[in-house]
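For reference, the structure is listed below as structure tokens.
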């Protein structure tokens, strides 16, 4: 098949890694895959377009000409602001199929052009529920993945002090404040490593709160290297659409403690492959960490 991937993201995150790896695997299978997006972004583009906003009719017009000229069999868009542009571009084009991937839990705003969408791909049951009001023609759940060659299974014995890891965008809704509060309750014997970047003012406020605690801010880190440094991954988000870092930790043999919100309950089989705690509850998080640290058999069972 001839496939056009559309992604206007301008920074590299989990969604963009998803597009890159999907494109590579489709090409390995013999498909002709090209990519359209905004210049200056993280993707290797065949077509550079404006994608100024969700109502960018000029980009929709240019994209329509490309799709019609190149004879794509499938057009696949990944970013919410691109959905209306791509759908409008394909109105009246009978040949190619249009697929939209949705990785956010927020309800999708209806648009008349979405009648052109042939199918939606979502990563969790919760996200599937968020598009039901669109009466989609077809839907399928395809969870995000991890390359087990790049992320080999290498469980290790607990270090002293026990190292907890929190990896991802540093933003209030990711619950970094809760993790720091939990560290204050845990006391001696534990250390928290925080990987990722965020707004400078918020990072500074977190560092001020953690000044007298065994908490280290590492900045940008590669997931595989970060996971080799820690004993447990904590995911403290108030709401998490999926949580690719949870899958990466599981692949690497690192025990996971995550909030019972969004994607993690599905990934962790509702607590049978990791520990779930309520969001915004540092005491529950500290209790779960302390309990798991004392139970070697449970750690092994959850990893397996």
Check your understanding: Within the stretch 236-252, can one find any residue that is at pLDDT 95 or above and over 20 Å from the mean Cα position of the chain (by Cα)?
Key -> no
Check your understanding: Inside the stretch 212-291, counting only helices (runs of 4 or more DSSP H) that do not spill past its ends, which hold 1 or more residues that are more than 24 Å from residue 104 (Cβ to Cβ)?
Key -> 223-228, 244-252
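Determine whether the stretch 226-239 contains at least one residue that is crowded, with 21+ Cβ neighbours inside 10 Å, under 16 Å from residue 163 (Cα atoms), in the same structural domain as residue 183 (by TED's automatic domain parsing) and without any contact (Cβ under 8 Å) to a residue 60 or more places away in the chain. Talk me through it step by step, then tell me what you get.
Kept after step one, since they are crowded, with 21+ Cβ neighbours inside 10 Å, are these residues of the stretch 226-239: 226-227, 230-237.
With under 16 Å from residue 163 (Cα atoms) added as a condition, the list becomes 226-227, 230-236.
Adding the requirement that they be in the same structural domain as residue 183 (by TED's automatic domain parsing) leaves 226-227, 230-236.
With without any contact (Cβ under 8 Å) to a residue 60 or more places away in the chain added as a condition, the list becomes none.
The answer is no, given that none of the residues of the stretch 226-239 is crowded, with 21+ Cβ neighbours inside 10 Å, under 16 Å from residue 163 (Cα atoms), in the same structural domain as residue 183 (by TED's automatic domain parsing) and without any contact (Cβ under 8 Å) to a residue 60 or more places away in the chain.
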Practice item. Within the stretch 213-225, count every residue that is at pLDDT 95 or above and surrounded by 20 or more Cβ atoms within 10 Å (Cβ to Cβ). Key: 1
Check your understanding: Tell me, which residue of the stretch 21-37 that is out of contact with any strand residue (DSSP E or B) (no Cβ under 9 Å at 6 or more places or on another chain) and either assigned to a helix (DSSP H, G or I) or in contact (Cβ under 8 Å) with a residue 60 or more places away in the chain (or both) is nearest to residue 197 (Cα to Cα)?
Key -> 21
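Can you tell me which residue within the stretch 253-263, out of those that are touching a strand residue (DSSP E or B) at 6+ places or on another chain (Cβ under 9 Å) and surrounded by fewer than 24 Cβ atoms within 10 Å (Cβ to Cβ), is farthest from residue 294 (Cα to Cα)? Reasoning before the result, please.
Looking only at the stretch 253-263, we keep the residues that are touching a strand residue (DSSP E or B) at 6+ places or on another chain (Cβ under 9 Å), and these are 254-263.
This time we only want the ones that are surrounded by fewer than 24 Cβ atoms within 10 Å (Cβ to Cβ), so: 260-262.
Values: 260: 22, 261: 25, 262: 28 Å.
Here the residue is 262.
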Exercise for review: Report, by residue number, each residue of the stretch 93-107 that is more than 21 Å from residue 32 (Cα to Cα) and at pLDDT below 95.
Suggested key: 103, 104, 105, 106, 107
Practice item. Tell me, yes or no, whether the stretch 39-50 has at least one residue that is free of Cβ contacts under 8 Å to residues at least 60 places away in the same chain and closer than 16 Å to residue 100 by Cβ. Key: no
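With the requirement that a residue be out of contact with any strand residue (DSSP E or B) (no Cβ under 9 Å at 6 or more places or on another chain) and at pLDDT 95 or above, what does the stretch 174-187 give you? So that I can check it myself, show each step before the final result.
So in the stretch 174-187, the residues out of contact with any strand residue (DSSP E or B) (no Cβ under 9 Å at 6 or more places or on another chain) come out as 177, 181, 184-185, 187.
Once the filter is applied, which keeps residues that are out of contact with any strand residue (DSSP E or B) (no Cβ under 9 Å at 6 or more places or on another chain) and at pLDDT 95 or above, the stretch 174-187 yields 177, 181, 184, 185.
Can you confirm whether residue 203 is in the same structural domain as residue 298 (by TED's automatic domain parsing), at pLDDT 95 or above, surrounded by fewer than 20 Cβ atoms within 10 Å (Cβ to Cβ) and in a helix (DSSP H, G or I)? So that I can check it myself, show each step before the final result.
Working: in the same structural domain as residue 298 (by TED's automatic domain parsing): yes; at pLDDT 95 or above: yes; surrounded by fewer than 20 Cβ atoms within 10 Å (Cβ to Cβ): yes; in a helix (DSSP H, G or I): yes.
In short, yes.
Can you give me the ranges of the helices (runs of 4 or more DSSP H) entirely in the stretch 38-145 with at least 2 residues that are crowded, with 19+ Cβ neighbours inside 10 Å and within 22 Å of the chain's Cα centre (by Cα)?
82-90
The values are calculated or read from the model by the stated rules, or taken from the named source; none is laboratory data. Computed from a predicted structure; not experimentally measured. Neighbour counts run over all protein chains shown; Cβ positions are idealised from the backbone, glycine included.
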